[in-house]
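The values are calculated or read from the model by the stated rules, or taken from the named source; none is laboratory data. What you are looking at is a predicted structure, and each value in this text was computed from that prediction instead of being measured. Heads up, the Cβs are rebuilt from the backbone with ideal geometry, glycines too, and the neighbour counts pull from every protein chain shown. Ligands, DNA and RNA are excluded from the accessible area calculation, which covers all protein heavy atoms including side chains. Shrake-Rupley method; radii C 1.70, N 1.55, O 1.52, S 1.80 Å.
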Amino acid sequence: MLDLVARAVTVGNFDGCHLGHQEVFQILRTEAKARGLVPTVVSFEPHTRHVLGIPGHPALLTTTEEKSFFVRSLGLDFVALPFSRQVAEQPFQQFFQEKILGELNTKFLVLGHDHRFGAAGKGTFDAIIAAFPDVSAIQVSAKYKDGEILSSSRIRNALENGAVERATTFLGRPYRIHGIVVDGKHLGRTIGFPTANVQTGAFKLIPKYGSYAAVVRLQNSTAHRAVVNIGRQPSIGDLPLAIEAHILDFNQNIYGQSMDVDLVAFIRPEQKFDSLDDLKRQIGMDADFARNI
Ligand SMILES: Cc1cc2nc3c(=O)[nH]c(=O)nc-3n(C[C@H](O)[C@H](O)[C@H](O)COP(=O)(O)O)c2cc1C
Ligand SMILES: Nc1ncnc2c1ncn2[C@@H]1O[C@H](COP(=O)(O)OP(=O)(O)O)[C@@H](O)[C@H]1O
């Protein structure tokens, strides 16, 4: 049960928490502060698109855990409301009254340009204002980049093409993959490049297969340079997808630790090498590239 503090709220999926979302968060923070309210980002779990079976890309830029961490790091409260078909079918007036005004004790509302509440998306900003004339609310207009609206799908597209720098300019920070270091095949150490295999959350968007320069953080702590492979390691066999980081100048057992992998630059696509020696030589060159970036 949530404490009944008075809140300023914004609602949405906010997949990626990109620069457009961050503008909404910034306005939320300012408006909340001016009114003595707790700034609160309200999202849904699972993502509304997954529950509603809306066609299109199922992958997400941010898992709920990643989103919560990012939002809280901005000093905002984060609430993930359970989402289901039943919730989706509620008329917007009921959802808004019960959840937003009742449960969350919302006193001020900040909405993005395209957010809609309730069944059939009928709860537009104007519909909310008309149905709840006592509610104070503002709408934030869309943010553009290079003449195009900033959107999660543009970022997904960039990442699937290996364009991580482009994704960084939309996200305002590098694309991050968060997870726990798990066991791999224990082969990396035998070729001189031990790799920490990171297990991601479900539906996490996997960028183009290949080698990347990255910065990793263990247990939210010190940053290390790393070279990362994303793919199925065709030189070894047709294996399940792995995201593996060889951390430069580092030699510690880190199994079970949490790891953030921030992708900084795409180096090259994943390749099938004829021998382990060739693979080893190439990883060495990738590591030099990552060291000098
Ligand atoms: C920077 C880097 C690049 C890699 N590139 C490839 C590649 O192009 N093709 C490939 O088959 N495997 C590639 N690998 C994956 C290695 O095959 C993998 O690290 C090795 O199989 C060890 O796996 P393990 O950690 O499960 O023991 C790369 C690994 C690293 C660290
Ligand atoms: N420089 C390093 N980069 C990444 N992991 C390292 C490094 N040095 C030691 N390790 C440790 O070695 C493990 C990886 O060794 P590796 O032989 O590739 O095994 P696995 O197949 O289980 O990933 C990592 O999970 C970590 O605990």
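If you line up the long axis of helix 64-73 against the longest principal axis of the chain, both from Cα atoms, how many degrees apart are they, to the nearest 10? For 64-73 against the chain, the angle is about 80 degrees.
A simple spin-label model places pseudo-atoms 7 Å from Cα toward Cβ; at residue 138 and residue 289 they are separated by 4.5 nm.
Under a point-charge model restricted to the Cβ atoms of Lys and Arg (+1) and Asp and Glu (-1), what is the dipole moment magnitude of the chain relative to its Cα centre, in debye to the nearest 20?
Numbers: 31 positive and 30 negative charges, 45 e Å.
Result for the chain is approximately 220 debye, rounded to the nearest 20.
The listed peptides 46-53, 131-138, 142-149, ordered by packing as a protection proxy, come out as 46-53, 131-138, 142-149 (highest mean of other Cβ atoms within 10 Å first). Model label points for residue 86 and residue 199, set 7 angstrom from Cα along the Cα-to-Cβ axis, are 3.1 nm apart. If you run the Gaussian network model on the chain, springs between alpha carbon atoms under 10 Å, then out of 68, 211, 221 the most flexible one is 221. Charges were assigned to the Cβ only: +1 to each Lys and Arg, -1 to each Asp and Glu. The resulting dipole of segment 218-269 about its Cα centre is roughly 100 debye. What is the calculated FRET efficiency for residue 30 to residue 157, with r their C-beta to C-beta distance and R₀ = 51 Å, to the nearest 0.05? Rounded to the nearest 0.05, the efficiency is 0.95. Over the C-alpha trace of segment 1-53, radius of gyration and Dmax come out as 12.8, 39 angstrom. Using 0.36 nm per residue and subtracting the Cα-Cα separation, the extra length available between residue 277 and residue 94 on full extension is 59.5 nm.
For segment 174-289, what is the accessible area per residue in Å², given a 1.4 Å probe and the full set of protein chains?
Working: 5680 Å² over 116 residues.
Averaged over the residues of segment 174-289, the accessible area is 49 Å².
Here the dipole of segment 174-289 is about 200 debye; that uses its Cα centre as origin and unit charges on the Cβ of Lys and Arg (positive) and Asp and Glu (negative). Helix 276-292 axis versus longest C-alpha principal axis of the chain: approximately 50°, rounded to the nearest ten.
Taking other residues whose beta carbon is less than 14 angstrom from the beta carbon of residue 142, and scoring Lys, Arg as +1 and Asp, Glu as -1, yields -1.
Taking N as the residue count of segment 5-147, its C-alpha radius of gyration divided by 2.2 N^0.38 Å amounts to 0.99. Working from label points 7 Å from Cα in the Cα-to-Cβ sense, the residue 186 to residue 232 distance is 2.6 nm. Across the alpha-carbon set of the chain, the Rg to Rh ratio works out to 1.04, Rh being the Kirkwood radius.
With contributions of -39500 (n - 2.57) from each DSSP H run of at least four residues, the per-residue ellipticity at 222 nm computed over the chain stands at -8000 deg cm²/dmol.
Which percent of the Cα-Cα distances in segment 176-293 go past 20 Å?
Values: 2357 of 6903 pairs.
Counting pairs separated by more than 20 Å, the tail of P(r) holds 34 percent.
One decimal place: the segment residue 222-residue 54 gains 56.5 nm when fully extended, by the rule 0.36 nm per residue minus the C-alpha distance.
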